[in-house]
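The values are calculated or read from the model by the stated rules, or taken from the named source; none is laboratory data. Treat the numbers as computed from the prediction; the structure is a model and nothing was measured. Reconstructed Cβ throughout: ideal geometry from the backbone, glycine too, with neighbour counts over all protein chains shown. Calculation scope for accessible area: heavy atoms of the full protein, side chains included, ligands and nucleic acids excluded. Shrake-Rupley method; radii C 1.70, N 1.55, O 1.52, S 1.80 Å.
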Amino acid sequence: IGGDRIMDRSEIGFSPANGQAYRQALEEASGGIISTGPMGSGKTSLNLSALKEFIKQGHKIVTLEDPVEMRLPAGVTQVSIDPAQDMNWTDVMPTVLRSAAKVLFLGEINKKDIAHLAIEAALTGHLMLSTLHTNDAPGSVVRLREMGIRPSVLADSLRCVVAQRLPRRLCVCKVPAAPTERNIRDFRLDPSVIAGTQWFTPRRGGCEAMRPPCTARSFVYLRSRA
């Protein structure tokens, strides 16, 4: 999340093929779309970018979060799970499933009962978005099976799993620099490709654009001239 601003999906950094596959999943009438990856890898940001598009399209949206991470625009029903006030997943979910919501966002699938409720939502006409802590996309299927979801049910309900990471990026103060022999060896670069690309490296000492100053020393960013 960019501060208090919800990112556009175009800012997430999908490759063209992956971006198209994710867009097609969002266009499904129902099913589960899960974002996975390490903590802090941008899973919630991705889901909120998708919700932002559904808001523009005028779809009815309900979110169930523990707790609510960001207040969405008016028209989106956000429910904060709070057992102290008898707001439990199992108590709230039946009401949500009976609602006319097109999109349902569950903050995180981290328990067996939440997994079963999420899959039930995906099978009953809702487009269900959520997050799951696994290292890769296949691992999410294994994790859901460990939570008691049958393979046949997963096959019917799961539409897309996105595994993501946060790559390092250079600051705006980057300077042109040809790749060294070590860069070529470490990144297994094809020498024939280097001639058609432009390379940068961090500026020594950084600049005022970042706090703290950018201090990366061994990361080189490749950008195509085309």
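Annotations for the structure displayed:
- FRET efficiency estimate (nearest 0.05) - Cβ-Cβ, Arg165 to Ala209, R0 22 angstrom: 0.40
- Close Lys pairs in the chain (alpha-carbon distance under 18 Å; sequence gap of 8 or more, or different chains): 6.
- The calculated FRET efficiency for the pair Thr77 and Ala155, based on their C-beta separation and a Förster distance of 25 Å, comes to about 0.25.
- Computed lengthening from Glu65 to Thr197, 0.36 nm per intervening residue step minus Cα-Cα distance: 43.1 nm
- Within-12-Å neighbourhood charge of Gln57 [Cβ basis; K, R +1; D, E -1]: +2
- Radius 12 Å from Cβ of Ile33, net charge of other residues (Lys, Arg +1; Asp, Glu -1): +1
- Candidate residues Met93, Met39: accessible-area rank, largest first, probe 1.4 Å: Met39, Met93
- Here the label points at Arg145 and Asp186, each 7 Å from Cα along the C-beta direction, are separated by 3.8 nm in the simple model.
- Between the beta carbons of Gln85 and Glu28, assuming R0 = 30 Å, the FRET efficiency works out to 0.30 to the nearest 0.05.
- Per residue, in Å², the accessible surface of the stretch 45-184 once ligands and nucleic acids are set aside, probe 1.4 Å: 53
- Per residue, the average separation of C-alpha pairs within less than 8 Å and at least 6 apart gives the chain a relative contact order of 21 percent.
- Label corresponding to Rg and Dmax of the Cα atoms in Å when calculated from the structure given, among (i) 23.7, 90; (ii) 20.9, 64; (iii) 17.8, 54: (ii)
- Amide H contacts under 5 Å for Gln78: Thr63, restricted to partners 5 or more places along the chain or on a different chain, H placed in the peptide plane at 1.01 Å from N.
- Portion, in percent, of the accessible area of the chain that falls on carbon or sulfur, probe 1.4 Å: 51
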